[in-house]
Amino acid sequence: MSLQVVSAVSNSSLLQPGFSLLNFDGHTFLFGQKGWPKRSCPTGVFLLDIKENELKMKPAFFSNDSCYLPPLRYPALCTLRGNAESDEYQYIIHGGKTPNNDLSNKIYVMSLISKNSKKTTFQCIEKDLGGDVPEARYGHTINIVHSQGKSMSVIFGGRSYTPLAKRTTEKWNSVVDCLPSVFLVDFEFGCCTSYIIPELQDGLAFHVSVARNDTIYILGGHSLQNNTRSPSLYKLKVDLPLGSPAVTCTILPGGISVSSAIVTQTSDTEFVLVGGYQSDNQKRLICNTILLEDSNIQIVERESPDWTPDIKHCRMWFGSDMGKGSILLGIPGASKQLISDAYYFYILRCKGEEDKEEELTAQICSETSTEDPRDYTPFEDSEEFCFSVEANRFDVDNTDTYNEDDEEDESETGYWITCSASCNIDNNTWVPFYSTELNKPAMILCSSGAGHWVHAQCMDLSETMLLHLSEANIKYFCNEHVDLKKGLQTPKKVVPLKNQPMKPLRKKTTMKLTSPAKKSFLRRLF
């Protein structure tokens, strides 16, 4: 195992705990960026490339017939092949957290359409599900099992928000372990079926799952209810006959008490387990090899890499599998006082000596072979840790240079900001005020200056007025700027009315002529 330092990372602010890496045709792509996608990459999916120990990110694109795929942190991922002989495969993405901390219950299928030196295009399709649809969650796993010529996906574990009926004011946005149910999803018909397994008593999140044929092995994981990391090793066997599927579970010895560990595949039957936590305040620096042969599993300790002092002494770490036996690891930069970057990244290569020379000279994020990665679900660091940094640059070939100063600062447009001097919205104590609210407060844009968002509740807006403002095309000014708006408002120019001069009325004159005068006047006329 070798550890390579990535000395310079472009636009590292997009890499945060909870991101995922997808491997298509030997190329690695980032999914689950920090914040909502920007104008420079509206898809939020990036091609990762390493040149001279520098990580570069290039935007990827979606086809016109694709659905919208939000950037999701801590989703469940696995690969799906069309058939055993095909080299093409798709990624299944389920659940996860959006940048607004909303949880997703949707399932997406993502496939590579085309790729050249300048552009990578994906297709993303949302699958409609029916039956026992799994609730919105994150920190869970999804795997594909094959039995008797059929294939199904299996969803297990994770965390979700407290049900509405059980929420209190003090713990409105708290999370709980999902019920330890096993969900089978038939992608052909979109049907979901849940199973309650007696051997699975506690909900688990941030565990590791490895699948082979009709069997899934579940290792580790953290339980919020008991605040423990499970030492058990579970073996789920799924039988897919012509009738109803059958799911059985066996508890095996030799488990590992770990959470948030990462798994990468090094051969057809060999996986490597790296990282994670063995307690809340202690990282797990030991590495293990997982061997799957026939219907048996063997977990043995292997020689760990020469961890740097920064990795050993840092409080947390996170990462994701890059494919082909490589892992991208990140640590906070607080331990390096001379460098201002928030995160520092390493590439851990877990293959043997015969593959090390090829790996080191490749200078790309992953190998170019099209070997099929097995069904496994790596998980990143616990959601308890979240950091943000400023991006220095965005290096993209044949594209416009990314400048984060041109983008809107999401920290000032989030739902849990201090919108005004009288703001009383607290993430820990907030409860819905309007009927339209669920898990975040309603906000409205103040049109003063460049514009800023305020909480409707802090502005003492009635629900009727809030609905009227959201539907009407009028500008709104918050309580702090409404008087200023009145003072700066230019009075409308009043066009003076033009008074038309009245024409004087002509008076009728009458002449009274005497008889001699009348005769003289008539003579003049005739």
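The values are calculated or read from the model by the stated rules, or taken from the named source; none is laboratory data. Not measured: the values here are computed from a predicted model. Cβ sites come from the backbone with ideal geometry, for glycine too, and all protein chains shown count toward neighbours. Calculation scope for accessible area: heavy atoms of the full protein, side chains included, ligands and nucleic acids excluded. Shrake-Rupley method; radii C 1.70, N 1.55, O 1.52, S 1.80 Å.
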In the list 304, 267, 326, which residue meets the criterion of being open to solvent by 10 Å² or more (accessible area, probe 1.4 Å), in contact (Cβ under 8 Å) with a residue 40 or more places away in the chain and more than 30 Å from residue 194 (Cα to Cα)? 304
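Determine which member of the set 158, 243 is more than 24 Å from the chain's Cα centre (by Cα), open to solvent by less than 60 Å² (accessible area, probe 1.4 Å) and small (Gly, Ala, Ser).
Only one candidate passes the filter, namely 243.
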Do we have residue 177 as within 30 Å of residue 431 (Cβ to Cβ) and open to solvent by 40 Å² or more (accessible area, probe 1.4 Å) here? no
Please enumerate the residues belonging to the stretch 128-155 that are open to solvent by 10 Å² or more (accessible area, probe 1.4 Å) and within 18 Å of residue 205 (Cβ to Cβ). 135, 136
Assess whether residue 183 counts as being within 22 Å of the chain's Cα centre (by Cα) and either part of a strand (DSSP E or B) or charged (D, E, K, R) (or both). no
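For the stretch 111-127, which residues satisfy the criterion of being over 18 Å from residue 76 (Cβ atoms) and open to solvent by 70 Å² or more (accessible area, probe 1.4 Å)?
113, 115, 116, 117, 118, 119, listed by residue number.
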Taking only the stretch 194-226 into account, find how many residues are closer than 27 Å to residue 20 by Cβ and either free of Cβ contacts under 8 Å to residues at least 24 places away in the same chain or part of a strand (DSSP E or B) (or both). 15
Identify all residues within the stretch 274-292 that are open to solvent by less than 10 Å² (accessible area, probe 1.4 Å), closer than 16 Å to residue 212 by Cα and in contact with a Lys or Arg (Cβ under 9 Å, 6 or more places away or on another chain); write none if there are none. 292
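Tell me the residue from 241, 231 that is in a loop (DSSP other than H, G, I, E, B) and touching a Ser or Thr at 6+ places or on another chain (Cβ under 6 Å), please. Break it down stepwise before answering.
On the way: 241 fails: touching a Ser or Thr at 6+ places or on another chain (Cβ under 6 Å).
The conditions single out 231.
Could you tell me how many of the residues in the stretch 286-317 are closer than 30 Å to residue 238 by Cα and either in a loop (DSSP other than H, G, I, E, B) or not acidic (Asp, Glu) (or both)?
Number satisfying all stated conditions: 13.
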Please give the number of the condition residue 64 fails out of (1) free of Cβ contacts under 8 Å to residues at least 24 places away in the same chain; (2) under 27 Å from residue 347 (Cα atoms). (2)
Of the residues in the stretch 227-263, those that are hydroxyl-bearing (Ser, Thr, Tyr) and under 26 Å from residue 19 (Cβ atoms) come to 230, 257, 259, 260
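Give the residue, chosen from 209, 194, that is of a type in the set (S, T, N, Q), open to solvent by 20 Å² or more (accessible area, probe 1.4 Å) and touching a strand residue (DSSP E or B) at 6+ places or on another chain (Cβ under 9 Å). So that I can check it myself, show each step before the final result.
Working: 209 fails: open to solvent by 20 Å² or more (accessible area, probe 1.4 Å).
Of the residues listed, the single one that is of a type in the set (S, T, N, Q), open to solvent by 20 Å² or more (accessible area, probe 1.4 Å) and touching a strand residue (DSSP E or B) at 6+ places or on another chain (Cβ under 9 Å) is 194.
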Would you confirm, using the coordinates I've provided, whether residue 168 is more than 17 Å from residue 75 (Cα to Cα), surrounded by 13 or more Cβ atoms within 10 Å (Cβ to Cβ) and of a type in the set (S, T, N, Q)? no
Can you name every one of the strands (runs of 3 or more DSSP E) wholly within the stretch 1-110 that holds 3 or more residues which are buried (at least 18 other Cβ atoms within 10 Å of the Cβ)? 20-24, 27-31, 46-51, 54-59, 76-81, 89-94
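Which of the residues belonging to the stretch 111-145 are among the small types (Gly, Ala, Ser), assigned to a loop (DSSP other than H, G, I, E, B) and either out of contact with any Ser or Thr (no Cβ under 9 Å at 6 or more places or on another chain) or farther than 23 Å from residue 16 by Cα (or both)?
117
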Taking the stretch 104-130 and keeping residues in contact with a Leu (Cβ under 7 Å, 6 or more places away or on another chain) and among the hydroxyl-bearing types (Ser, Thr, Tyr) leaves 104, 108, 120
